[in-house]
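Please read the structure below before turning to the comments.
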Amino acid sequence: MLIKVYGSAVFGVEATTVTVEVNIDKGIGYHLVGLPDNAIKESNYRIAAALQNNGYKIPGKKITINMAPADLRKEGSAYDLTLALGILSASSQIKSPEIDKYLIMGELSLDGTVQPIKGALPIAIKAQEEGFKGFILPKQNAKEAAIVNKLEVYGVENIKQVIDFFDNNEPLEQTVIDTRKEFYKQLEFPEFDFSDVRGQESIKRCMEIAASGGHNIILIGPPGAGKTMLAKRLPSILPPMTLHEALETTKIHSVVGKVKDAGLMSQRPFRSPHHTISDVALVGGGTYPQPGEISLAHNGVLFLDELPEFKRSVLEVMRQPLEDRDVTISRAKFTVTYPSSFMLVASMNPSPGGYFNDPDAPVTSSPAEMQRYLGKISGPLLDRIDIHIEVTPVPFDKLSDERKGESSSAIRERVMKARELQTIRFADLDKVHYNAQMNTKQIREYCKLDAASKELLKTAMERLNLSARAYDRILKVARTIADLSNDEAINGTHISEAIQYRSLDREGWLG
């Protein structure tokens, strides 16, 4: 008897429906075809034990299972439940006239317990698109899948519940979520707030500018100056995620099984990988491609602490995703693309000893050591970082001040107003949403300078020995500063402030 049941395979952040055809005929044997990996090939042992422990069995006949499309690689243990239900239905151990109307996924334990899977959200989206009546999956993933409207989602704890649902018409509890209500309920502030930061007013201002224009930023300062503390608070002043951004971000985290119980992610991600990370772990890839840290930071912040300590090869592979805001991973038989639109926040010591440019600290690094240290960061990578700011240690009198600083909510209000101006400005452009994304043509159009501002910028570049790459960056940042002031045109004040944020272009740093 031939039966068809349905599962799904996830590639990148999209799912493809897999038709599992189970045929039981005379003879002896178990044949599983359709490019399954080892985890799927081992499934017959898990399925046999799970069925045995729940009063059923794998029939002693010739079982042929085809996972179509047969040229698509399938991987993981999430097909256990799909295969088990197909075998039971094809061997007439259960009556299941509606089994082909449901998409079924789940890993089985030996006692029949259903274990969680990865990629529940993109699978649910595909199931809804292809007109399936419902999606049966592990209970731990039910909230995540229920984000999708117009799809019945049933979370189950063991295989017996699924068997009774099809064979005895025993109802399963449907998981229902009001996506918008759930999203807005979770829109609360992150645990870190700028009101906890003592002093550092100029750095706070710089972070506000970075958040307003979506600018990548690097913080340069000695150990203990507060670089990490400031970076952790940046997400608290970014505009709240839209529902579309939340769904997009949740899909990526779903693929790697990192979605929490709430189902929908409403806070912007903050990723802070260690400097020993490999290039594959950072940008994604592997034999069976998975998203890397830059994709997990999509719509949020990627913080690279101690930037020169990262392997140069790791930093270089990040250049293209920073520019294109997605990363494409190619293999011989397929290509996957992961979104990676994030704000890069990096930090570094000014020298190997940590105290370069500090008049109160002894010079511990030779010029050659300095050059080697700073040379770890390539010019093309710095090209993609708009703001360089020096962070100095906070004096004791400010550190001991009991008064709280300005709250993140107050700063965020100003950031959101600046972003609204940019949304209107770039309304007709597909790939540009904020100032940092402008290309050369758009900079010429939206960052026009009067004669006095041009002369100021020219003088600054000559006197401070600023590099050519600083020119466009200064104009982008000046445009954001003007937006924060609600000024239509860029003036000398905006240019003057933007020039301050190019520390690493000055002579004596990377000369």
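Checking each residue in region 163-191 for being farther than 30 Å from T113 by Cα, open to solvent by less than 70 Å² (accessible area, probe 1.4 Å) and either in a helix (DSSP H, G or I) or at pLDDT 85 or above (or both) picks out only F183.
Residues in region 22-37 that are in contact with a Gly (Cβ under 8 Å, 6 or more places away or on another chain) and either part of a helix (DSSP H, G or I) or open to solvent by 40 Å² or more (accessible area, probe 1.4 Å) (or both): I28 only.
Take the conditions surrounded by fewer than 16 Cβ atoms within 10 Å (Cβ to Cβ) and either touching a residue at least 24 places away in the same chain (Cβ under 8 Å) or in a helix (DSSP H, G or I) (or both) and apply them to Y6. Does it pass? Give the steps one after another, and end with the answer.
Details: surrounded by fewer than 16 Cβ atoms within 10 Å (Cβ to Cβ): no; either touching a residue at least 24 places away in the same chain (Cβ under 8 Å) or in a helix (DSSP H, G or I) (or both): yes.
Answer is no for this residue.
Checking the structure you have, find out if any residue of region 80-97 is farther than 28 Å from I28 by Cβ and among the hydroxyl-bearing types (S, T, Y). Within region 80-97, none of the residues are farther than 28 Å from I28 by Cβ and among the hydroxyl-bearing types (S, T, Y). If you go through region 471-493 and pick out every residue that is in contact (Cβ under 8 Å) with a residue 40 or more places away in the chain and over 15 Å from I385 (Cβ atoms), you end up with 9. Against the list (1) at pLDDT below 90; (2) in contact with a helix residue (DSSP H, G or I) (Cβ under 9 Å, 6 or more places away or on another chain); (3) farther than 28 Å from R73 by Cα, the condition H244 fails is (2).
Sub-7 Å Cβ pairs linking a first residue in region 79-108 that is without any contact (Cβ under 8 Å) to a residue 40 or more places away in the chain to a second residue that is open to solvent by less than 10 Å² (accessible area, probe 1.4 Å) and of a type in the set (S, T, N, Q), at least 6 apart or interchain, are D80/S43, ordered by first then second residue.
Matching residues to (1) assigned to a helix (DSSP H, G or I); (2) crowded, with 16+ Cβ neighbours inside 10 Å; (3) on the phi < 0 side of the Ramachandran plot:
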residue	(1), (2), (3)
A39	yes, yes, yes
Y45	yes, no, yes
A48	yes, yes, yes
L51	yes, yes, yes
K57	no, no, yes
G60	no, no, yes
T64	no, yes, yes
D71	no, no, yes
A78	no, yes, yes
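Restricting to region 3-21, count the residues that are touching a Lys or Arg at 6+ places or on another chain (Cβ under 8 Å) and not charged (D, E, K, R). The qualifying residues number 10. The set of residues from region 217-227 being open to solvent by less than 10 Å² (accessible area, probe 1.4 Å), modelled with pLDDT of 90 or more and not β-branched (V, I, T) comprises just one member, L219. Applying the selection to region 111-157, what residues are in contact with a Lys or Arg (Cβ under 7 Å, 6 or more places away or on another chain) and of a type in the set (V, I, T)? Residue satisfying the conditions is V156 alone.
Does L429 satisfy the criteria of being open to solvent by 30 Å² or more (accessible area, probe 1.4 Å), outside any helix (DSSP H, G or I) and either of a type outside the set (D, E, K, R) or touching a Gly at 6+ places or on another chain (Cβ under 8 Å) (or both)? Don't jump to the end; show me each part of the working.
Details: open to solvent by 30 Å² or more (accessible area, probe 1.4 Å): yes; outside any helix (DSSP H, G or I): yes; either of a type outside the set (D, E, K, R) or touching a Gly at 6+ places or on another chain (Cβ under 8 Å) (or both): yes.
When the stated conditions are applied, L429 passes them.
Only residues that are modelled with pLDDT of 95 or more, more than 21 Å from N53 (Cβ to Cβ) and outside any helix (DSSP H, G or I) were counted across region 88-116, and they come to 2.
The values are calculated or read from the model by the stated rules, or taken from the named source; none is laboratory data. Computed from a predicted structure; not experimentally measured. Because the Cβ atoms are built from the backbone with ideal geometry, glycine has one as well, and the counts that use them run over all protein chains shown. What goes into the accessible areas is simple: the full protein's heavy atoms, side chains included, and nothing from ligands, DNA or RNA. Shrake-Rupley method; radii C 1.70, N 1.55, O 1.52, S 1.80 Å.
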